[in-house]
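Inspection log for the structure reproduced underneath, given as structure tokens.
What follows draws every value from the coordinates through simple rules; no lab data is involved. Fair warning: this is a prediction, and the values are worked out from it, not measured in the lab. Don't worry about glycine lacking a Cβ; one is built from the backbone with ideal geometry, like all the others, and counts go over all protein chains shown.
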Amino acid sequence: MHDEEQSTTGNSATDRKVFNPGGFDDFFRTEYRKLVKALMVMEGASPADADDCVAHAMEKLFERWHLPVSDPGRVRHPRAYAMKTARRRLKNERHRLQPVALDEDGSVLPADGSALTALEDRQFVANTLECLPPAQQQVMYLITEGYTPTEISEVLHKKPNNVRQIIHLVKKRLRRQLEPPVIGSPQTEEER
């Protein structure tokens, strides 16, 4: 039995205490990199994934570190707990991100249902807004960043009503571009 994990103050199991002379900080410094390496070797995790999972495990361990000895949630073997928690997190993340086939055309989405990442969403919006004049691009960029029309008017030195009008015009223009044409409409008749 290792003294940093556990020491016995008596003969009964209820007298056992978790003992780490340096506390959580020393445990973290000593074990973090070892756990990351172990996850990479044992589970084939990438360095980034292993780091994320170990960070999550350390956070969970820290939440339980100072519980009273009599508390059943108290961690008795910190290294084992951290490794088990990190491995479980990695397994759950892999399962969550496992691709799922959607159609016969072979297109896939992540299992959690998100079709695009935030970066892809931003790129799509940027590509869509490229067709707009510069003043409209500025307004719509600020809208996508969460600015209100009043805030945009201050940033761009425009009147709030002008900003609202630009937003209305852009929405109307983009709606025409992004919506598929209705079958039987004059536009689809001309394309034939």
Practice task
Run down the lysines and flag those whose C-alpha is under 25 Å from the C-alpha of Lys159, throwing out any fewer than 8 positions away in its chain.
Solution key: Lys171, Lys172
Completion exercise
Taking a ≥ b ≥ c as the square roots of the Cα gyration tensor eigenvalues, with a/c under 1.5 meaning rounded and otherwise prolate when a/b beats b/c or oblate if not, region 25-65 comes out prolate
Practice task
Taking a cut-off of 18 Å between Cα atoms, list the lysines near Lys34, but don't count ones fewer than 8 places away on the same chain.
Solution key: Lys60, Lys84
Handout entry: Between region 123-170 and region 17-70, the Cα center-to-center distance that results, in Å
Key = 46
Handout entry: Gained length - Gln165 relative to Leu97, 0.36 nm times residue gap less alpha-carbon distance
Key = 20.3 nm
Fill in the blank from the handout: Taking R0 as 22 Å and r as the Cβ-Cβ distance between Thr30 and Asp71, the FRET efficiency 1/(1 + (r/R0)^6), rounded to the nearest 0.05, comes to 0.35
